[in-house]
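Worksheet: one structure, shown below.
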Amino acid sequence: MDIPPFLTPHGGDCVLEVFVQPRAAKEAVVGIHGTALKVKVTAPPVDERANRAVEALIAGLLGVPKGRVSVVAGHSSRHKRLEIKGVAASVAAGVLGVPGP
């Protein structure tokens, strides 16, 4: 399986680039925004709440504990970089891959 541009292998882990839309009606992965995966979360971008919601959403989709997913860059931006420990990029691509048009 090809690895999409929003995922980067990092040993046995991977790095995920996301574009976040806070205060959405529901939480979901909705597509691609540039070279990032676009996600919507219901939490507001206040006191790290949106960051925690993104971590929980991605962890839930991948079936890993929340502690394995962490925002490592973009804490106060809509563009974020997440590190996912213990999940290979090829596995994450299979779960998070966004279907084409």
Test each condition in (1) surrounded by 15 or more Cβ atoms within 10 Å (Cβ to Cβ); (2) assigned to a loop (DSSP other than H, G, I, E, B); (3) not basic (K, R) for H75 and report the one that comes out false. (1)
For the range 9-39, how many residues meet the condition of being surrounded by 15 or more Cβ atoms within 10 Å (Cβ to Cβ), within 21 Å of G67 (Cβ to Cβ) and touching a residue at least 40 places away in the same chain (Cβ under 8 Å)? 9
The conditions are (1) modelled with pLDDT of 95 or more; (2) touching a helix residue (DSSP H, G or I) at 6+ places or on another chain (Cβ under 8 Å), and Q21 fails exactly one of them. Which is it? (2)
Exactly one of these conditions fails for K85: (1) more than 16 Å from I3 (Cα to Cα); (2) surrounded by 21 or more Cβ atoms within 10 Å (Cβ to Cβ); (3) touching a residue at least 24 places away in the same chain (Cβ under 8 Å). Give me its number. (2)
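The values are calculated or read from the model by the stated rules, or taken from the named source; none is laboratory data. Keep in mind that this is a model prediction, so the values were computed, not measured. Cβ atoms come from the backbone with ideal geometry, glycine included; neighbour counts cover every protein chain shown.
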